[in-house]
Amino acid sequence: MKRTEASRRSTFLRVAVVAIALHVLPGSAPIRAQTVVTGGGTALNQAIQAARPGDHLIVRAGTYDPLRVDRGLRIDFDPLAIV
């Protein structure tokens, strides 16, 4: 499936909004540990489940399953990461 430029921008904007929202959650703890997430698929959800409040996840390029965050984390996305 070939992605259009508009589709890539839309995905990037959605990911950026999620990243910003997660970064400014009230009561976020200071960064405790930093983890680089690669591989796509379920890797991001697995990293979220293993993370503790205040951890920092760096998500590299790849296509990841939809995510659910239930704790205060800092998550930074590579521009080529697709969720």
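Nothing in this text is a laboratory measurement; each read-out follows from the coordinates by a stated rule. Keep in mind that this is a model prediction, so the values were computed, not measured.
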Which ³J(HN,Hα) values in Hz, rounded to whole numbers, follow from the phi angles of region 40-46 under the Karplus curve 6.51 cos²θ - 1.76 cosθ + 1.60, where θ = phi - 60° and Gly and Pro get x? x, x, 8, 4, 5, 4, 5
Net length gained if the chain between residue 32 and residue 80 were fully extended (0.36 nm per residue, minus Cα distance): 14.7 nm
Counting only residues 5 or more apart in sequence or on a different chain, those whose built amide H sits under 5 Å from that of residue 77 are 59
